[in-house]
Amino acid sequence: GDLDKVVNLLLSLSGRLARVETALGSLGPHAPAEDKLALREKQRLLVAQLEDAKELKEHVGRREEAVGAMVARYLPAEHLQDYQHFVKMKSALIAEQRELEEKIKMGQEQLRCLRESL
């Protein structure tokens, strides 16, 4: 459960950071200074939060290894491989699902912008 939460947090923060950086890059030279300042501050906070989330992921990874070592003592080799495969795939699938959700969200946002521009 913790792994799910940390992976989702990392993906959420990195997605938000990417959007802020895109917004910063799209600001023209005549954009108000307060807009640039607000976006830079938001970027700074997101970078700090992302670093904290990475530390959390490392902690969860160490816990996962400890749990895996304990599980290895009690499960036969075949079941242990199934367990390890499950843990790896769960993370990968969460990341993939989140990435697809972000792409859908961006596509919908782009579609909305195109409709408004027409």
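The values are calculated or read from the model by the stated rules, or taken from the named source; none is laboratory data. Bear in mind the structure is a predicted one, so any value in this text is a computation, not a measurement. So basically every Cβ, Gly included, is an ideal-geometry build from the backbone, and we count neighbours across all protein chains shown. These area figures cover heavy atoms from the full protein model, side chains too; ligands, DNA and RNA do not enter into them. Shrake-Rupley method; radii C 1.70, N 1.55, O 1.52, S 1.80 Å.
For this structure, a couple of remarks:
- Verdict on residue 110 being within 24 Å of the chain's Cα centre (by Cα), open to solvent by less than 100 Å² (accessible area, probe 1.4 Å) and either outside the structural domain of residue 1 (by the TED database) or not hydroxyl-bearing (Ser, Thr, Tyr) (or both): no
- Options 67, 71, 47; residue that is closer than 13 Å to residue 2 by Cβ and either modelled with pLDDT of 90 or more or surrounded by 11 or more Cβ atoms within 10 Å (Cβ to Cβ) (or both): 67
- Test set (1) open to solvent by 90 Å² or more (accessible area, probe 1.4 Å); (2) under 16 Å from residue 10 (Cα atoms); (3) not polar (S, T, N, Q) - residue 85 fails condition number: (2)
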